[in-house]
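S.K.: Pasting in a structure now, in C-alpha cells, and then I'll have a few things to ask.
Values quoted throughout were computed directly from the atomic coordinates according to the rules given, and no laboratory measurement underlies them. These numbers come from a predicted model, not from an experiment. Methodologically, a virtual Cβ is constructed for each residue, glycine included, from the backbone with ideal geometry; neighbour enumeration extends over all protein chains shown.
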Number of protein chains: 2
Amino acid sequence: MDRSALPETAFLAPDGANRAAVEALFAQASNLLLDLAGGAAARPPLRLDGRFVDAEIPQRPRPEGEILGGLRELLEDAMNPAHPGYIGHMDSLPSTFSVIGAMAAAAANNNLLSLEMSPSLSRLEVALMRQLAKLFGLPAGAGGVMASGGSLANLLALGVARNRAFDVAESGLCGQSAAPLLFASEAAHGSLQKAAMVLGLGRAAVVAVKSPRDRLCPRALAVAIAAARDDGKAPFAVVATAGTTVTGAIDPLAEIAAVAGEAGLWLHVDAAYGGALIFSRRERHRLAGIDLADSVTFNPQKWLYVAKSCALCLFRRRDDLEQGFRSPQPYMADAGGFTNLGELGPQGTRSAEVLKLWLTLQHFGHSGIAALVEGGQDLAARFRDGLARRPTVEICDAGDSNLVCFRPRDAADSVVASLQAELLRRGFFLSQPPYRGRRWLRIVALNPYCAAAEVAAFFAALDASL
Amino acid sequence: MDRSALPETAFLAPDGANRAAVEALFAQASNLLLDLAGGAAARPPLRLDGRFVDAEIPQRPRPEGEILGGLRELLEDAMNPAHPGYIGHMDSLPSTFSVIGAMAAAAANNNLLSLEMSPSLSRLEVALMRQLAKLFGLPAGAGGVMASGGSLANLLALGVARNRAFDVAESGLCGQSAAPLLFASEAAHGSLQKAAMVLGLGRAAVVAVKSPRDRLCPRALAVAIAAARDDGKAPFAVVATAGTTVTGAIDPLAEIAAVAGEAGLWLHVDAAYGGALIFSRRERHRLAGIDLADSVTFNPQKWLYVAKSCALCLFRRRDDLEQGFRSPQPYMADAGGFTNLGELGPQGTRSAEVLKLWLTLQHFGHSGIAALVEGGQDLAARFRDGLARRPTVEICDAGDSNLVCFRPRDAADSVVASLQAELLRRGFFLSQPPYRGRRWLRIVALNPYCAAAEVAAFFAALDASL
C-alpha cells in the first residue's frame, strides 16, 4: 500500500522504521496527560465555561502539534475527577495501571470476539472472571464475561434470565400470554428499566417493590410476587441491589435470596458499585448472601478505580450463559471447545478491557484494594459526622457504603442547586440527584486524595455557603 | 484517605508529587508497547503455542517490573495484526493517534453518560456524529451516538425501529398479535440475529432474503415482505448491508431503499465495514443510496484503523433516537436541553471513545483516509488477479470491497484448514470462515504494510503450499 498521503507517524511500522518519530509523539502526548493529571488540583473539578467544540474533519492531515493542542483544550474543559475536591460521582480518577492497560489494549488491538483474534486475552478474561466468581463465593462452574458498562451487564443477566424462563431466544415474546415481570427495589438503577425496554418486556415490566430506606423489603417482595401471580402475570426475576445510586444502600441479600428461591425466580444482584466491598474482610459482611445469586453485575470502573469502561457479569452456572444467550456467529472458526466470547454477550467485537482490570489487581493486590475500600468507608463516616453536627442540614444516608446525601432543611430545590454551584466555586464538586421528589447534594467518598484536610476545608466551605 | 498500603504509583497525585515515578512507569510501559509494535514483523502474526494464563489476584501489590513482564507475555501471545503478513480479519493495526486517544480517554476518565460528567467530550461526540451524518448525505436534523461495537449499534437501530413501529417501549411485546419481522440478505451479519434475540423478537424474526452473490435482491425483498404480510406477520424493518463479513458485498442500497420506502419500513444500513468507502471520491459510488437510510451503522474500528472499540449509529432524524429509545435516568441532573448521551443508547457509562476517532480523523484527514481506503481496494485487486491466474483455486468474491475468498478447487474442508495452517507457518495469517456450506480462506486487504513485495511473497507461499 502507498502510504505517502499519510503522516509519517500514522502507524508504527512493524519493522520499527519510524519508531523514533512515534516514540517522540507518544512522549509528547504522555507529557500532556501527565501535566494535566499532575496539575489537576490547580484546575477546577468542573468547568462551566467550556469552549466551543469544532468537530470538522480536515481535508488534509493537520500538524501534530495542532492536534495535541486541540486535545489539550478538550481535556482542560473535561470533568476533572482527579481534583481533591471532586466528590461528586462514582467515576474516580483512574489507577495508573489501568491507563497503561488502556494504552496496551489499543496498541495490541486484539478482538475479544474470538479466541483466534485474542488468544491470550480471551483466556485471561475467562480465567479472571472465574477468580472473581470465586471471590464472590460462587461455586465451581461459575464464570462470566466482561461488558462495556454495567447497563450491558444488567441487560445480559436479565436476557439470560428471560430466555431461561420463557424459551424465547428463537421465537420471541409475541404470543407470550402472561406478561413477564421482574422485581427490584424502588431505588434500583434505571438501567433495569432500560434493559426491560430493550429486551422487549417493556419498562413497565420492572415492579418497584417498597423499599424503606432504599432497601428492598423481603416481605413486601414476597407479597408483590404472589400478587402478580394472582393477577396472571409471569414473574421471572428478582434484582437485588448492592449499592444504590443515590444513597449507596445494600439490599438484605440473603433474605431476598430466600424469597427468590422460594418463588423459583432468578436472582440477579446488581453490585455494580458495592461489589468492591468483597475485597475487604472488614466490610464484606455487607454483601452476605451474594454467594446465593444466579448472576452478579460488578463494575471495577467505579470503586476499583479502573479506567472505564470496565464491567462484568458473573453467572452462578456459566452454562446458563452458554445456553441462555449464546448467539453463534457462523463466520468464525470454531475454537475447539472454547466458546468465543463474542457469542456470549450483547457485544461482538470488544477490546481487551480485561487488561486494565488485571493490571490494576496486580498492582494494588487484595490488600491495596481493601485499604481503598475501607478508606472510602471511613471518609464517608467523616462526612456523615460533620453533617450530623450541623442541625440546619438534613441527611439521607443508608449507611451501607460511602455515599452521603444531604440538603439544607426545608429548602427549595433551587436553594440546593445554588448551594451546589457555590460549593463548586469553592472547589468542591458534589452531584445533585433528584431523589424521592426533592433535590439533594450527594457525596461519593472515593477520592483517594480527599483526606482530613479536604474534609475540613469542605465543611468550612459549606458553612460559608449555607 | 490513607494510601500507605498502596504502591507509590497507584495514582498520579493531583499536585504532581509523584509525577517522576509515574512518568518513569509510563515510559517503561510505552517502551514495551513500542518494542512489541515496532518488532511486529519479527513475531508471527498468530501464535498457536500461547503460555498458560494465570489470573490469580495477588494478596499484596506485585512489583511493577514483574507486572510489566506479565503484560509482555500476554501481548507476545496475542494476535499480531501489525505483522505485514496479517491479512486475516477486519481488525487492523491501530492508528497511532487512536492509541493516544485511548490513553487520553482513560487518563481523563470522563463518563459520556452525562454532560456534567464529560462536558467537552459529550459535545464533541454530538458534533462529530453530525459531521459524519453529513458525510453520509443524511439531511439536517440527522445525528447519532457512539456504541462500543457494531453489534450494539445494530441493536440500537433495530430497537428504535421496533419501538417506533409498535410502541412497545413501555408495555413490551407480549400481547402483540402479529410477529414483527425484519428482512436482510442471507449474507447479513450475525449480530442481526443476536439483536433480534435480545430485543425479544427472537432470532426467527430475521428473514434471510435471497441474495445472489451475497447482494440482497430488491425484487425478492419486495416479494418476501408481501408474503409475510399475507401470512399475518408484521414487517417493520429492512437491513441492507454495505460490506458483508465474508465477501465484502454491498447491497444495491438505492433499490432497496425504494422497496423499503414503498412498503413503509425502516431502512437500516449496516455499513460497519463498507462505510469507510464514503471517504473516497473514487469509491463512494458503491454506497449510492446510503443517504436514503433511516439509520446507519459505521465502525471506524475496522477500515478507519481506529483502535477498538469505536462504532456508531447515525439516524436520519435524530429525533427518532430521542423518541424511540430515550430511557430517562432520573438520578442525573438535567442538562438544559442537551439530552445526556447515556439515555440514548444501550450503554449507560461510556468512555470517551470519540477521542480515538476525532484524533485519527485530524491526523489522517479526508485525504489520508481516502488513500488508505483506495489502497485497500487496490491491494485486493492484486490478490484477486494473482488468484485468478491460478486455475487450481476457486475464488468467491463480490468485488465491491477489499475482501477476497478462495479455496483449492474441489478440496475438502480439512484441506483448506491445513492450507491455512501452512500459510500461517510461512508468515501469512488468513481467516477461514465457513461460508455457504464450505470452508474458505479469506483475505482482508487492509494492512497498510502489506505491499507488492508481501503480495509476491504470499503467492510464493501459496504455490509452495498448494
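S.K.: Mind listing the phi-derived Karplus ³J(HN,Hα) values for segment A:407-422, rounded to whole Hz, using 6.51, -1.76 and 1.60 with θ = phi - 60°, and x for any glycine or proline?
M.R.: Along segment A:407-422, the couplings run 7, x, 4, 6, 8, 6, 4, 5, 5, 5, 4, 5, 4, 4, 5, 5 Hz.
S.K.: What is the extension gain from B:A451 to B:K134, computed as 0.36 nm multiplied by their sequence separation minus the C-alpha to C-alpha distance, in nm to one decimal?
M.R.: 110.8 nm
S.K.: So what is the orientation-averaged projected area of the protein assembly as shown, using the convex hull of its C-alpha atoms, in nm²?
M.R.: 33.8
S.K.: Rounded to whole Hz and in sequence order, give me ³J(HN,Hα) for segment B:314-328 from the Karplus expression 6.51 cos²θ - 1.76 cosθ + 1.60, θ = phi - 60°, writing x for Gly and Pro.
M.R.: Residue by residue, segment B:314-328 yields 9, 10, 4, 10, 4, 4, 4, 5, 4, 7, x, 9, 3, 10, x Hz.
S.K.: Considering only the label points, 7 Å along Cα→Cβ from Cα, what distances in nm to one decimal separate B:F338 from the same position in each other copy, shortest first?
M.R.: The projected label point of B:F338 is separated from its counterparts by 4.3 nm.
S.K.: Please list 3J(HN,Hα) in residue order for segment B:237-247, calculated via the Karplus relation 6.51 cos²θ - 1.76 cosθ + 1.60 where θ = phi - 60°; whole Hz, with x for glycine and proline.
M.R.: For segment B:237-247, the Karplus curve yields 8, 10, 10, 9, 10, 10, x, 6, 5, 9, 10 Hz.
S.K.: Let me ask something else about it. Just from the alpha-carbon atoms, what are the Rg and Dmax of chain B in angstroms?
M.R.: 23.8, 73
S.K.: Turning to a different aspect of this structure: Can you list, shortest first and in nm, the gaps between the label point of A:K134 and those of its counterparts in the other copies, using a point 7 Å from Cα in the C-beta direction?
M.R.: 5.5
S.K.: Give the order of B:V269, B:V207 when sorted by the count of other beta carbons within 10 angstrom, beginning with the fewest.
M.R.: Ordered by Cβ neighbours within 10 Å, fewest first: B:V207, B:V269.
S.K.: What number in nm² do you get for segment B:19-80 if you take the convex hull of its Cα atoms and divide its surface by four?
M.R.: About 5.1 nm², averaged over all directions.
S.K.: Only residues of segment A:167-209 count here: report those whose backbone N is under 17 Å from the spot 7 Å along Cα→Cβ of A:A227, or say none.
M.R.: A:181-187, A:204-209
S.K.: Continuing with the same structure: Only counting other Cβ atoms within 10 Å, I'd like A:S367, B:S431, A:S414 sorted with the fewest neighbours first.
M.R.: A:S414, A:S367, B:S431
S.K.: So which lysines can A:K356 reach, going by Cα to Cα under 30 Å and dropping same-chain residues fewer than 8 places off?
M.R.: A:K134, A:K194, A:K302, A:K308, B:K194, B:K302, B:K308, B:K356
S.K.: Let me ask something additional. Along the three principal axes, how long is segment A:103-360 when you take its alpha carbons, biggest first, rounded to the nearest angstrom?
M.R.: The Cα atoms of segment A:103-360 stretch 53, 48, 29 Å along the principal axes, largest first.
S.K.: Cα centroids of segment B:333-406 and segment A:240-302: how far apart, whole angstrom?
M.R.: After rounding, the separation between the Cα centres reads 41 Å.
S.K.: Would you mind counting up the charge near A:P300? Only other residues with Cβ under 12 Å from its Cβ, with Lys and Arg at +1 and Asp and Glu at -1.
M.R.: The answer is +2.
S.K.: Also: Looking at chain B, send over the antiparallel percent of its DSSP beta bridges, to the nearest 5.
M.R.: Around 55 percent of the beta bridges assigned by DSSP in chain B are antiparallel ones.
S.K.: Rounded to the nearest Å, what's the spacing between the alpha carbon centres of segment A:146-194 and segment B:35-109? Just the number, please.
M.R.: The distance from the Cα centre of segment A:146-194 to that of segment B:35-109 comes to 35 Å.
S.K.: Related question: DSSP loop chymotrypsin sites (Phe, Trp or Tyr not before Pro) in segment B:261-316 with at most 11 other Cβ atoms within 10 Å of their Cβ, which ones?
M.R.: For chymotrypsin sites (Phe, Trp or Tyr not before Pro) across segment B:261-316 that sit outside H, G, I, E and B with at most 11 neighbouring Cβ atoms in 10 Å, the list is empty.
S.K.: Using modelled amide H (1.01 Å from N, peptide plane; none on Pro or chain starts), what sits under 5 Å from the amide H of B:L113, excluding residues fewer than 5 places away?
M.R.: Excluding prolines and chain starts, which carry no amide H, the hits are B:R350.
S.K.: Rounded to whole angstrom, how close does the nearest chain B beta-carbon get to the axis mapping B onto A, and which residue is it?
M.R.: B:G200, 1
S.K.: Also, quick follow-up: Hey, got a sec? Which chymotrypsin sites (Phe, Trp or Tyr not before Pro) in segment A:17-117 land in a DSSP loop and have at most 15 other Cβ atoms within 10 Å?
M.R.: Hits after loop and neighbour filter: A:F52.
S.K.: Now a separate question. How much of the DSSP bridge set in the protein assembly as shown is antiparallel, in percent, rounded to the nearest 5?
M.R.: Given both bridge residues lie in the protein assembly as shown, the antiparallel proportion sits at roughly 55 percent.
S.K.: Cut-off is 10 Å between beta-carbons; in what order do B:I57, A:I225, A:I290 appear when sorted fewest neighbours first?
M.R.: In order of increasing Cβ crowding within 10 Å: B:I57, A:I225, A:I290.
S.K.: Which loop-located trypsin sites (Lys or Arg not before Pro) does segment B:227-308 contain, where loop means any DSSP state but H, G, I, E or B and the Cβ has at most 16 other Cβ atoms within 10 Å?
M.R.: Those that pass, being in a loop and sparsely packed, are B:R281, B:R282.
S.K.: Treating the point 7 Å from Cα along Cα-beta-carbon as the label, what are the nm separations from B:V415 to the other copies, to one decimal?
M.R.: From this label point to the equivalent ones elsewhere in the assembly: 8.5 nm.
S.K.: For B:E394, list long-range residues whose amide hydrogen, built 1.01 Å from N in the peptide plane, is under 5 Å from its own amide hydrogen.
M.R.: B:R407, B:R409
S.K.: Would you mind checking which residues have amide H under 5 Å from B:V209's amide H? H placed 1.01 Å from N; only 5 or more apart, or other chain.
M.R.: Answer set, sorted by chain and number: B:A184, B:S185, B:E186.
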